[in-house]
Protein chains: 2
Amino acid sequence: MNFRKAHKEDLPAIVRLLADDELGSKRERYEDPLPDVYYEAFAAIESQIGNQILLAVEEDKVIGCIQLTMIPGLARQGMKRAQIEGVRVDKDYRGKRIGEALFKEAIAVAKAENCGLVQLTTDKARKDAYRFYERLGFTASHEGMKLIF
Amino acid sequence: MNFRKAHKEDLPAIVRLLADDELGSKRERYEDPLPDVYYEAFAAIESQIGNQILLAVEEDKVIGCIQLTMIPGLARQGMKRAQIEGVRVDKDYRGKRIGEALFKEAIAVAKAENCGLVQLTTDKARKDAYRFYERLGFTASHEGMKLIF
């Protein structure tokens, strides 16, 4: 298994992972051809400094993804923070610590870019995810609040 | 009171607000001249598409601030989300619904930019903030997890 940044050609494989999930299955459109909205979103990700999708790849197959956005800010003496979104591991590859490896890779990128912290929110409905993040060293010190339009 | 984007010249006023806070007082360096780290961070904010600090201003005095970063992503059919950080209101102007007005301005900007949701994390130690966000329509559906280096 190795890690690399996502390219446009990886989009169908990434959306397959996003859709193959209890919450994601109702939210995504994994179709052939893939809807344009995903290509437009990927172009926007690529045009934003510090925003990237990292992939775990085994023998050319995309088996995991994680989005990492580095956000500069003023607080904590101008500390940059890394925001994690869209973490998924292929169902056929669960239990092999691929999520853990993907996170460690993302954390290493955040450290190399001088971020002072990594943050994410996890849906309270995802009980297992919560424990997974605690094992990685995250603390549930905050409430994650959403206002959905 | 009116709202506008922050400029470099506003930095001392913004850091004054960040420092004048129970948690912020231990984290910031509100000094004259202001440490370079804040100017460097502000330049990084300005260079990142979608990242901005909005100010509430009354008679040329900065009385509130909020940082809004629009993050494009693939999940939810390529939905863009708005991330809020660094919200502060001058202590002398509390109880005048300035925070509420600042949030409504940030939410309007997020909607105008086609974001599908606004999200933030609030320290569980800030009991009042939690209720404030619920009144604005936010739901505490997620755990906010941090890994501080």
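The values are calculated or read from the model by the stated rules, or taken from the named source; none is laboratory data. From a predicted model like this one, the values you see are computed outputs, not experimental measurements. A quick note on method: Cβ atoms are made from the backbone with ideal geometry, for glycine too, and the neighbour counts reach across all protein chains shown. Accessible surface areas use protein heavy atoms only, side chains included; no ligands, DNA or RNA. Shrake-Rupley method; radii C 1.70, N 1.55, O 1.52, S 1.80 Å.
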Enumerate the strands (runs of 3 or more DSSP E) found wholly within the range B:53-123, keeping only those where 3 or more residues are more than 8 Å from chain A (Cβ to nearest Cβ), in contact with a Pro (Cβ under 9 Å, 6 or more places away or on another chain) and over 19 Å from B:Leu17 (Cα atoms). none
What is the number of the single condition among (1) within 23 Å of A:Gly24 (Cα to Cα); (2) within 14 Å of the chain's Cα centre (by Cα); (3) open to solvent by less than 40 Å² (accessible area, probe 1.4 Å); (4) in contact (Cβ under 8 Å) with a residue 24 or more places away in the chain that A:Gln67 does not meet? (4)
Identify the residue in the range A:5-42 that is at the interface with chain B (Cβ under 10 Å from one of its Cβ atoms) and among the acidic types (Asp, Glu) and, among all such residues, is farthest from B:Asn114 (Cα to Cα). A:Asp21
Which condition does A:Lys146 not pass, out of (1) of a type in the set (D, E, K, R); (2) open to solvent by 30 Å² or more (accessible area, probe 1.4 Å); (3) at the interface with another protein chain (Cβ under 10 Å from one of its Cβ atoms), if it passes all the others? (2)
Restricting attention to the range B:112-124, which residues are surrounded by fewer than 16 Cβ atoms within 10 Å (Cβ to Cβ), over 13 Å from A:Gly144 (Cα atoms) and touching a strand residue (DSSP E or B) at 6+ places or on another chain (Cβ under 9 Å)? B:Glu113, B:Asn114
Going residue by residue through the range B:75-85, is there one that turns out to be in contact (Cβ under 8 Å) with a residue 40 or more places away in the chain, open to solvent by 20 Å² or more (accessible area, probe 1.4 Å) and either under 17 Å from the mean Cα position of the chain (by Cα) or within 20 Å of A:His142 (Cβ to Cβ) (or both)? no
